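Working notes, beginning with the structure itself.
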Amino acid sequence: MQNPFRSEAEAFHLLVVTVVAFGLIALASIVGGTWWGVGVFVVLSAAAALYYLRGPMTAPPAMTAPSRQSPPGERRILVVANETVGGAPLRDCIHEKSEGARTEILVVCPALNSPLRHWVSDEDEARAAAQERLDASLARLRAAGIEARGEIGDGDPLQAIEDALRTFGADELIISTHPEGRSHWLERGIVASARERFAVPVTHVVVDLEADREEVR
């Protein structure tokens, strides 16, 4: 099922607006009686309907391109993943993309955070957790013969990709997710949005960590 919200922050914004609207209706009912509350409800409903019917007034943003292109014989790969960055399918994909060229790999691990913590700018815990995952994942990649460097990205995966492309001239983008049904990124349409938004080839790799653990056993 496709999530109608582009991000958790957007969903949280809607929740806040809804709570405020009900608060205004309740306040109007207390101050002026039931009909005042009904009047405020009608006005707010009409405003929401008008906003929905008019839709967004801004044009879609231009596609973001890498800061530079690699010279012949070189390849720069941007990998964006969270928990799945150390999975075997992703390692195999990176190996395949790296063959026949001198390759530089940047792994970006978004600092995923709750909407409330994001609103109050409490990102320390999220960044620390992302750093632990990134360090462990880079170690697994090195053990598999893949040299890569990494950095912590914005909590919004699309923003993390855009930020990385502005400083790292990637020739290709690899997005790694959990399987459908267990991936919040797929529910939010992150892969499809990345293909629309960024002017680089996008490869989607599905990593089933539970299956990997079963194979290890």
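Here are the numbers for the structure shown:
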| quantity | calculated |
| --- | --- |
| Distance histogram for region 126-217 (every C-alpha pair counted, 10 angstrom bins, percent rounded to whole numbers) | 13, 42, 38, 6, 0 |
| Amide H partners (placed H, <5 Å) of G189, local residues excluded | N3 |
| For region 101-111, Karplus couplings with θ = phi - 60° (6.51, -1.76, 1.60), whole Hz, Gly/Pro x | 8, 7, 10, 10, 10, 10, 9, 10, 10, x, 7 |
| Residues with amide H under 5 Å from that of F168, placed H, sequence gap 5 or more | S67 |
| Long-range HN-HN contacts of R75 with modeled amide H, under 5 Å | R102, T103, E104 |
| Backbone HN-Hα couplings from phi across region 163-180 [Karplus 6.51/-1.76/1.60, Hz, Gly and Pro as x] | 4, 5, 5, 6, 10, 10, x, 6, 8, 8, 10, 10, 10, 10, 9, 5, x, 4 |
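Quick note: the coordinates plus some simple rules give every number you see, no bench work behind them. This structure is a prediction, so every number in the text was calculated from the model and none was measured.
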